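One structure is given below, encoded as structure tokens.
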Amino acid sequence: MKKVKAALAVAAVAAVVVGAVSYEYINGSSVADETVTYEETSLMYGDLTLEFTGEGTTQVASVSQYPDFDVSAVRMQVEEVYVASGDEVAEGDDLFKFTEDSYAELVSYYEEAVADALEAKEDAEDAYTQGVEEAELTYNESVAGSTDAQAEYDAAVAELQADIDSVYTSLVNAQTSLSTYQTNIANNQYYIDAGVADYKSLYESAQSATDTASSEYTAAKELYEETAATVSSEIENLQILIAQADDLSEIESEVNSAVAQLNSDNTALAEYLKAYESAAENLTAYQEAEQEAQSNYESAKSTYEKNESNAEEKVESLTSEIETLQEKYDEAVADQELALLELQNTYEKAILTGQNAQTEYDATVTTLQAAVDDATDSYNDLVAEQEALLACTDGVVHASQDGTLSSVAVMAEGYVMAETAVVAYYDTSEIMISTEVDQGDISKIAVGDTVVVVISGAGQLEGEISEIAAAATEGGSMSNVTYAVTVTLDNADGSLAAGSSAYVTFNYGEETDVYYTVTDALSDISGNTAKVKMYDDEGNITEVSVEIGTSTDEYTVITSGLTEDDKFLIETTSDVLTGEGEASDGESTEAQNTEGKTAEGVGASGDTADEKTAEGEREDETK
């Protein structure tokens with residue numbers, strides 16, 4: 001059975017028996033009445049202690065005595081047993097004796113085992129000394145490698161960067177040169193630098209000057225030649241005039257006029273000759289200047305064309321060179337990235353090795369020391385077991401403590417089994433109680449929790465959870481899974497005994513300042529919802545849905561759906577058997593309501609309280 005304690009800050013339940021409904025049915029020779037009773041109640045308010053209970057029987061613990069030596073190495077046969085279950089023994093009393101042969105064989109085994117263990121211990125100590133020396137050497141090398149790692153890493157990174165910088169510089173220079181050539185070509189810079197336009201202008205000016213000089217020369221030549229022809233004609237005419245004249249006197253005037261004209265024309269011819277000769281000289285000079293200007297122009301144009309052609313060739317070669325350099329640069333960058341990863345990995349390994357050097361050294365030393373410790377422990381254990389065996393004079397095993405034997409597990413001509421107690425002593429210093437806890441509650445408790453225990457004849461005591469089973473108790477139903485929980489109580493004074501009924505209360509928390517009701521008032525509980533029965537305005541029973549919170553076996557918190565003034569019903573059913581042919585208190589086919597006795601109490605609204613209501617806190621227990 002279970003019980004629940006409700007700590008109330010204000011008041012207790014108000015219950016009013018308002019009626020009963022009777023049903024009867026026939027079973028064999030008896031008549032059964034099923035009576036349904038409704039108690040009217042209201043919400044309670046206060047602090048609700050969360051707890052559940054379990055029950056069991058007190059048990060006395062026992063202390064087992066095992067052989068202090070290994071009985072699995074040799075089959076240890078018992079020759080004689082000196083005690084029985086229930087005997088009182090003192091520490092050192094004879095319990096049983098091994099046969100002489102099996103005892104002697106085990107003594108021989110331990111002599112050899114101890115010698116082997118001592119050798120293994122000494123080997124472990126030698127391995128420790130050697131291993132520590134090697135570990136120190138490895139540690140120093142790792143630390144040195146870690147110290148050099150940064151410098152090696154930096155040098156390698158710098159070398160990689162230098163390679164990239166070299167290729168990059170060449171690439172940038174080539175790109176700059178290409179840009180310069182392309183800009184010069186686009187801006188016709190080579191044409192300008194060669195002075196082609198200036199030389200062309202000079203050449204054209206020289207051509208114009210030559211043309212002008214040529215025109216002047218032609219004009220002077222023509223004037224000279226025309227004048228010379230005139231003079232020649234005039235001389236010829238004069239000669240004819242003179243030759244034809246019979247009397248020179250007659251033509252003297254004409255001759256003088258002709259001579260005057262001829263002299264005038266000769267004078268003009270002389271001037272025209274000078275002009276002609278000057279024009280010829282000028283023409284020659286201008287022609288020479290034109291040729292020089294033409295030569296300069298053609299030279300400038302040749303220089304321009306050559307420089308332009310060279311620039312175009314440079315553009316072509318630089319474009320190809322840039323493609324090659326770009327590929328080399330990209331390759332160098334990719335190689336650097338890969339190399340950096342490898343260098344970083346190597347560097348980090350070296351650093352990590354250095355950082356882990358102490359850890360690895362400590363781990364090595366710890367492992368070596370553990371081997372020494374294990375070998376030493378094994379040796380010491382074997383020595384202790386050997387001493388315990390040799391303490392069994394003539395193969396007799398003695399009691400390890402004072403007490404009453406609860407069991408004796410050896411028998412004459414039988415064998416002592418490994419890891420099996422040879423005897424057990426009652427331990428009355430503690431009392432244990434084993435109880436089953438539902439799977440829904442098992443997570444609410446833990447080993448070490450304090451519990452309240454009520455033992456028949458001993459009253460209320462305090463205990464502690466000492467063990468919770470890891471697996472569910474076998475044999476239970478699928479719908480009722482439980483776990484065994486062991487509770488231990490101090491019994492140093494020996495006042496408690498085995499076989500008494502005990503009830504354990506497990507407390508797992510508290511809900512403060514809440515409205516709650518007895519769980520029996522709820523039906524159709526599902527998750528955080530349930531239903532309660534109430535009378536409607538016409539006195540009929542109806543169901544109302546409510547929302548619920550924390551729930552125990554006895555009480556459940558109501559979060560909404562009811563107010564402190566609402567009255568609702570607790571339904572209880574009871575069966576009454578009567579003799580054959582006897583009539584029940586109710587009718588056989590229909591329900592009959594009867595008035596019940598009213599018990600007043602204090603509900604959440606603070607109405608009148610009966611004499612059982614306590615101010616502040618009230619404890620309800622149900623078994």
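The values are calculated or read from the model by the stated rules, or taken from the named source; none is laboratory data. The model shown is predicted, which means the values in this text are computed figures rather than measured ones. Glycine also receives a Cβ, built like all others from the backbone with ideal geometry; neighbour counts cover every protein chain displayed. Quick note on the areas: whole protein, heavy atoms, side chains included, nothing else; ligands and nucleic acids left out. Shrake-Rupley method; radii C 1.70, N 1.55, O 1.52, S 1.80 Å.
Projecting each Cα onto the charge dipole of the chain (Lys/Arg +1, Asp/Glu -1 at the beta carbon, about the Cα centre), which of VAL396, THR359, LEU461 comes out farthest on the positive side?
Looking along the dipole axis, the top candidate is LEU461.
Hey, got the dipole for the stretch 327-385? About the Cα centre, +1 on K and R Cβ, -1 on D and E Cβ, debye to the nearest 20?
Rounded to the nearest 20 debye, it is 180 debye.
For a bin width of 10 Å, list the pair-distance distribution of the stretch 504-548 built from all Cα-Cα distances, rounded to whole %.
Spelled out per bin, shortest first, that is 22, 39, 29, 8, 2.
Using 20 Å as the Cα-Cα cut-off, could you pick out the over-long pairs in LYS444/LYS533; LYS221/LYS274; LYS444/LYS531; LYS200/LYS301; LYS200/LYS306?
LYS444/LYS533; LYS444/LYS531
Taking the Cα atoms only, what angle lies between the long axis of helix 100-186 and the longest principal axis of the chain, rounded to 10 degrees?
Once rounded, the angle reads 20 degrees.
What FRET efficiency do you get for LEU352 and THR57 if R0 is 45 Å and r is their Cβ-Cβ distance, rounded to the nearest 0.05?
0.10
Roughly how many debye, to the nearest 20, is the charge dipole of the chain about its Cα centre, given +1 on each Lys and Arg Cβ, -1 on each Asp and Glu Cβ, and no other charges?
Around 1140 debye, computed over the chain.
With Rg and Dmax of the Cα atoms in Å as the read-out, I listed [x] 66.5, 218; [y] 24.6, 76; [z] 26.6, 85; which label goes with the value calculated from this structure?
Only one option fits the structure, namely [x].
How much net charge surrounds VAL485 when only other residues with a Cβ under 9 Å from its Cβ are counted (Lys, Arg +1; Asp, Glu -1)?
It works out to a net charge of -2.
At 0.36 nm per residue, and after removing the present C-alpha to C-alpha distance, how many nm does the segment from ALA418 to THR404 gain when stretched out fully?
Gain on stretching ALA418 to THR404: 2.7 nm.
Once the Cβ-Cβ distance between ALA229 and SER249 is put in as r, and R0 is 30 Å, what FRET efficiency do you end up with, to the nearest 0.05?
The computed FRET efficiency comes out at 0.50.
Kindly report the accessible area of the chain per residue (heavy atoms of protein chains, probe 1.4 Å, no ligands, DNA or RNA), in Å².
58
Would you mind checking the tilt of helix 252-391 against the longest principal axis of the Cα atoms of the chain, expressed as 0 to 90 degrees and rounded to 10?
20
With a ≥ b ≥ c the root eigenvalues of the C-alpha gyration tensor of the stretch 116-235, is it rounded (a/c under 1.5), prolate (a/b larger than b/c) or oblate?
prolate
I'd like the accessible area for GLU112, computed on protein heavy atoms only with a 1.4 Å probe and all protein chains in place. Round to 10 Å², please.
Looks like 120 Å² after rounding.
Find how much the distance from ASN480 to GLN326 grows on full extension, using 0.36 nm per residue of separation minus their present alpha carbon separation; answer in nm with one decimal.
Full extension from ASN480 to GLN326 adds 47.5 nm.
Rounded, prolate or oblate: which fits the stretch 329-470, taking a ≥ b ≥ c as square roots of the Cα gyration tensor eigenvalues, rounded meaning a/c under 1.5, else prolate when a/b beats b/c?
Cα axes put the stretch 329-470 in the oblate bin.
Report Rg/Rh for the stretch 37-82, rounded to two decimals, where Rg is the Cα radius of gyration and Rh the Kirkwood radius.
That ratio is 1.52, to two decimals.
Which percent of the accessible heavy-atom area of the chain goes to carbon and sulfur, probe 1.4 angstrom?
With neighbouring chains kept in place, the figure for the chain is 45 percent.
Just to verify a number: FRET efficiency for GLN291 and ASN187, C-beta to C-beta distance, R0 = 41 Å, to 0.05?
Working from the Cβ atoms, E equals 0.85.
Please state the relative contact order of the chain as a whole percent: Cα pairs under 8 Å, 6+ residues apart?
About 36 percent, as a whole number.
Per the helix-only calculation at 222 nm, which mean residue ellipticity applies to the chain, given -39500 (n - 2.57) for every DSSP H run of n ≥ 4 and division by its residues, nearest 500 deg cm²/dmol?
Value at 222 nm, helices only: -17000 deg cm²/dmol.
Given 0.36 nm per residue, what is the gain on full extension from GLU222 to ASP93 after removing their alpha carbon distance, in nm?
Here the answer is 29.2 nm.
Quick check: the angle from helix 196-244's long axis to the longest principal axis of the chain, C-alpha only, nearest 10 degrees?
Computed tilt is about 10 degrees.
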